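What follows draws every value from the coordinates through simple rules; no lab data is involved. Bear in mind the structure is a predicted one, so any value in this text is a computation, not a measurement. Methodologically, a virtual Cβ is constructed for each residue, glycine included, from the backbone with ideal geometry; neighbour enumeration extends over all protein chains shown.
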Amino acid sequence: MRIVTTVAEMQRVCAEFRAAGQVVGFVPTMGALHEGHLSLVRRAKAECGVVVASIFVNPLQFGPKEDLAKYPRTFEQDVERLTAEGVEALFAPEVAEMYPAGAETTVTVAGIGDRLDGASRPGHFTGVATVVTKLFHAVGRCRAFFGMKDAAQVAVLRRMVADLNFEVEIVGCPIVRDADGLALSSRNAYLSAEERQRALVLHRALGEMQGRIAGGEVSSAALMDAGMGVLKAQDGVVVDFLAVVDSGTLLPVEQVGPGTLVAVAAFVGKTRLIDNFVV
Ligand code: PAF
């Protein structure tokens with residue numbers, strides 16, 4: 001696997017792939033790769049001629065009190081995993097390459113970018129949209145694979161790609177879970193064994209809501225009550241939000257139907273975890 005550290009070289013490498021007639025599959029990540037990321041790589045491999053990935057811990061998407069400094073970094077192991085999966089090129093720039101001195105432009109997806117995680121983490125989606133714009137300009141025309149665990153991120157990026165005419169197709173891929181139901185996340189590494197047990201309440205709450213929907217419940221208010229009941233019964237978990245929204249706009253809906261996103265975010269100790277399902 002070729003490791004590329006500059007935007008200019010990444011543009012050249014990806015242009016060569018396209019000139020050779022290949023569709024480029026792109027998997028953007030912040031590293032600390034787990035089976036969730038590898039599922040994106042495998043899907044991209046199955047559907048595209050060549051696969052490129054990126055590893056960049058993007059400072060712009062972390063708030064001042066968030067975990068940028070301690071975010072897990074496992075670069076050598078990540079390189080081994082991507083190589084084993086047959087990824088052709090890895091873009092791994094330094095911060096100064098992505099944000100050179102004097103850079104002032106950011107990308108804000110107004111409205112939708114301030115909903116769900118965007119409301120709890122002001123500026124987060126501007127950081128994501130800005131770095132993903134720069135990554136898309138480095139890779140060029142491609143199909144880009146994102147995990148649906150970050151369903152709000154997928155909605156924001158779909159809006160951005162449509163609004164700004166990127167030659168990119170966003171592909172949302174299913175959440176990958178541990179055997180006990182916990183959604184895989186690089187941040188799970190922060191959890192103690194006891195916190196990890198507590199964290200399962202997110203999956204339980206969503207399961208309760210999903211069960212009620214299967215049983216015919218369509219009222220968002222009733223579903224929220226049921227989900228909140230499960231979350232509140234768990235000591236040591238602080239709910240950030242539980243939301244029943246349209247998966248495209250992230251606006252609340254009164255009744256659930258196909259395409260409704262049910263999303264939860266909660267702090268387990270100091271670790272903020274998210275999970276969701278789409279009806
Ligand atoms: O989902 C992530 O890992 C990040 O938000 C992304 C899309 C790589 C941008 O930094």
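Can you spot a residue in the stretch 172-179 that is under 16 Å from GLU35 (Cα atoms), under 16 Å from the mean Cα position of the chain (by Cα), buried (at least 18 other Cβ atoms within 10 Å of the Cβ) and away from the ligand (no atom under 14 Å from the Cβ)? The answer is no, given that none of the residues of the stretch 172-179 is under 16 Å from GLU35 (Cα atoms), under 16 Å from the mean Cα position of the chain (by Cα), buried (at least 18 other Cβ atoms within 10 Å of the Cβ) and away from the ligand (no atom under 14 Å from the Cβ).
Of all residues in the stretch 40-69, those satisfying the criterion of being within 16 Å of the ligand (Cβ to nearest atom) and not aliphatic (A, V, I, L, M) are ARG43, SER54, PHE56, ASN58, PRO59, GLN61, PHE62, GLY63, GLU66, ASP67. Before we move on, is THR271 buried (at least 18 other Cβ atoms within 10 Å of the Cβ) and within 19 Å of LEU182 (Cβ to Cβ)? Judged against the criteria, THR271 is a match.
Elements of the type helices (runs of 4 or more DSSP H) sitting completely within the stretch 24-104 and holding at least 3 residues that are closer than 20 Å to ARG141 by Cβ: these cover 35-47. Taken over the stretch 197-217, the criterion of being over 26 Å from GLN255 (Cα atoms) and touching a residue at least 40 places away in the same chain (Cβ under 8 Å) is satisfied by ARG198, ALA199. Could you grab the pairs with beta carbons closer than 6 Å, sequence gap of 6+ or different chains, first residue in the stretch 142-171 and touching a residue at least 12 places away in the same chain (Cβ under 8 Å), second one away from the ligand (no atom under 11 Å from the Cβ) and part of a helix (DSSP H, G or I)? Final answer for the pair search is PHE145/ARG43; PHE145/ALA44; VAL156/ILE112; VAL156/GLY113; ARG159/ILE112; VAL168/VAL161; ILE170/ARG158; ILE170/VAL161.
Condition check for LYS65 on (1) over 18 Å from THR133 (Cα atoms); (2) in contact (Cβ under 8 Å) with a residue 12 or more places away in the chain: one failure, at (2). Across the stretch 32-58, the number of residues qualifying as touching a residue at least 60 places away in the same chain (Cβ under 8 Å) and either out of contact with any Asp or Glu (no Cβ under 7 Å at 6 or more places or on another chain) or surrounded by fewer than 22 Cβ atoms within 10 Å (Cβ to Cβ) (or both) comes to 14.
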